[in-house]
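Read-outs throughout are calculated quantities, based only on the coordinates presented, and are distinct from any laboratory measurement. Every value quoted in this text rests on a predicted model; they were computed, and no experiment measured them. Quick reminder, even Gly has a Cβ in these numbers, built from the backbone with ideal geometry, and neighbours come from all protein chains shown.
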Amino acid sequence: MPELPEVETTRQGIRPFLEGQRLRRIVVREPRLRWPVSPELLTLADVPVLAVRRRAKYLLLDVPDGQLLMHLGMSGSVRHVAEPATPGKHDHLDLELMQGGLLRYTDPRRFGALLWNPTPDRHPLLDVLGPEPLDAAFDADYLAAKARGRKQAIKTLIMDNHVVVGVGNIYAQESLFLAGIHPSRPAGRISAARLAVLVAAIRKVLADAIAAGGTTLRDFSRADGKPGYFQQELNVYGRGGEPCVQCGAPLTVTRHGQRSTVYCGRCQR
DNA sequence: ATCGGGACCTGCTTGC
DNA sequence: TGCAAGCAGGTCCCGA
């Protein structure tokens, strides 16, 4: 999936088509996403969209009586379709617009979701989330408190949504490289000063990626179909065995959980 | 309480 | 050329 910058780029891309506009209806061709598409969404008809917001990697579409929660999973994307063409195999749903055209949700792996939430911003999936990485609440003291006493690898800690949201596999690796921290280092054995550097690195990596319009992966594209431009700035992700951009040593590949990790054994301690 | 691993699903790349 | 294995952006849930 898209990581947080890709979700934010998607939000910005679809917002002009939704905010202040009206949804005609939602057409569901394949309800079997991560969770079944909420049946309530099938009865929705001609409703105004008040706002298009984001919390972690969830897109929040506010309507008068509640909110739509959309997640893109690993392989999801949304694009605007002006002249509806025959939907493809993985075009699971359409948000039809009153002014014509539609927003088409595509997700080959079906790890994404579209859920009805009658209690805006209050939901079991949202209530457990940690702070946004770009919010003031995510600071050095906060991360230090979360890391204290933990033996868990720092990489998996910063990828834990209960700790901080929006740090996926690409940007976790990039942030740790920028901070010079070994991804396997136990979180509780990193000094407060180095955690402060890591917080700054996470913020910088995500902010830069958002500014660049996200990273173009295999099948991610923005709502307007154009690629993201952050890829050329990736230092370690997907570069196992290639030379470190800082010291030239070959980058090491390892795994944390089921996710691959690339790092420089010389620059990251 | 914390942690790691499995599960969910399809498609693309790699290697025999 | 064909086929199987391995890998991919996420994250919930389970058992140890």
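So the values come out like this:
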{"item": "Relative contact order [Cα under 8 Å, 6+ residues apart], the stretch A:140-263, whole percent", "result": "23"}
{"item": "Kirkwood hydrodynamic radius of the stretch A:1-146, Cα pairs, Å", "result": "15.8"}
{"item": "Per-residue ³J(HN,Hα) for the stretch A:178-185, Karplus 6.51 cos²θ - 1.76 cosθ + 1.60, θ = phi - 60°, Hz, x for Gly and Pro", "result": "4, 7, x, 10, 5, x, 8, 4"}
{"item": "Degrees between helix A:192-211 axis and first principal axis of chain A (Cα, 0 to 90, nearest 10)", "result": "40"}
{"item": "Kirkwood estimate for chain A, i.e. one over the average of 1/r between Cα atoms, Å", "result": "19.5"}
{"item": "Contact order normalised by residue count of chain A, Cα under 8 Å, 6+ apart, percent", "result": "19"}
{"item": "Chain A: most fluctuating residue of A:Q21, A:Q67, A:Q99 per GNM, C-alpha cutoff 10 Å", "result": "A:Q99"}
{"item": "Simple Cβ-charge dipole of chain A, Lys/Arg +1 and Asp/Glu -1, about Cα centre, in debye nearest 20", "result": "1080"}
{"item": "Relative contact order of the stretch A:4-127, pairs being alpha-carbon contacts under 8 Å that are 6 or more residues apart, as %", "result": "30"}
{"item": "Sequence of A:V164, A:V47 once ranked by neighbouring C-beta atoms within 10 Å, starting from the fewest", "result": "A:V47, A:V164"}
{"item": "Chain A, helix-only ellipticity at 222 nm - DSSP H runs n ≥ 4, -39,500 (n - 2.57), divided by all residues, nearest 500", "result": "-7000 deg cm²/dmol"}
{"item": "Nearest-ten-degree value, helix A:4-18 long axis tilted from longest Cα axis of chain A", "result": "20"}
